[in-house]
Amino acid sequence: MNWERIDSIESLNNIVEESQDKAVMIFKHSTSCSISSMALNRLERSWSEDEMSNVKAYYLDLISYRDISNAIADKFGVMHQSPQILLIKNGECVYDDSHMGISYQNLKSSVGV
């Protein structure tokens with residue numbers, strides 16, 4: 001997967017802008033959590049660049065950037081979870097899931113693939 005890292009609050013404005021043209025996925029990852037590592041690994045193993053060519057993937061290390069994680073929750077109106085996936089289209093969160101509910105198939109369906 002080609003992850004774009006989120007490391008500043010300003011990145012959220014870019015995500016909103018980008019989501020006007022293509023879907024944007026945010027994966028909030030706790031680097032100290034085995035469930036988060038397992039969810040990330042399952043997503044990366046299933047990901048197909050061909051199928052998801054119109055989705056930009058963002059990765060947030062929420063241990064290092066908890067303030068950004070909180071800002072994401074506020075901006076998109078989704079309660080913070082870890083791990084968590086959000087799908088942003090036209091500046092709005094249209095799909096989110098967390099923990100073992102994170103599924104490539106569900107994400108793919110939400111994208112419309």
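Quick notes on this one:
- The lone criterion from (1) part of a helix (DSSP H, G or I); (2) closer than 14 Å to His99 by Cα; (3) open to solvent by 20 Å² or more (accessible area, probe 1.4 Å) left unmet by Glu44 is number (2).
- Look at the range 4-18: where a residue is under 13 Å from Leu60 (Cβ atoms) and modelled with pLDDT under 95 and a partner is open to solvent by 70 Å² or more (accessible area, probe 1.4 Å) and part of a helix (DSSP H, G or I), sitting 6+ places away or on another chain with Cβ atoms under 8 Å, you get Ile9/Asp67; Leu12/Lys75.
- Residue count, the range 69-90 (criterion: open to solvent by 20 Å² or more (accessible area, probe 1.4 Å) and either part of a loop (DSSP other than H, G, I, E, B) or in contact with a Pro (Cβ under 7 Å, 6 or more places away or on another chain) (or both)): 6
- For Ile85: the one exception among (1) at pLDDT 95 or above; (2) more than 14 Å from the chain's Cα centre (by Cα); (3) hydrophobic (A, V, I, L, M, F, W, C): (2)
The values are calculated or read from the model by the stated rules, or taken from the named source; none is laboratory data. Predicted model, so just to flag it, every value in this text is computed and none were measured. Glycine gets a Cβ as well: all are built from the backbone with ideal geometry, and neighbour counts include every protein chain shown. Surface accessibility is based on the protein's heavy atoms, side chains included, excluding ligands, DNA and RNA. Shrake-Rupley method; radii C 1.70, N 1.55, O 1.52, S 1.80 Å.
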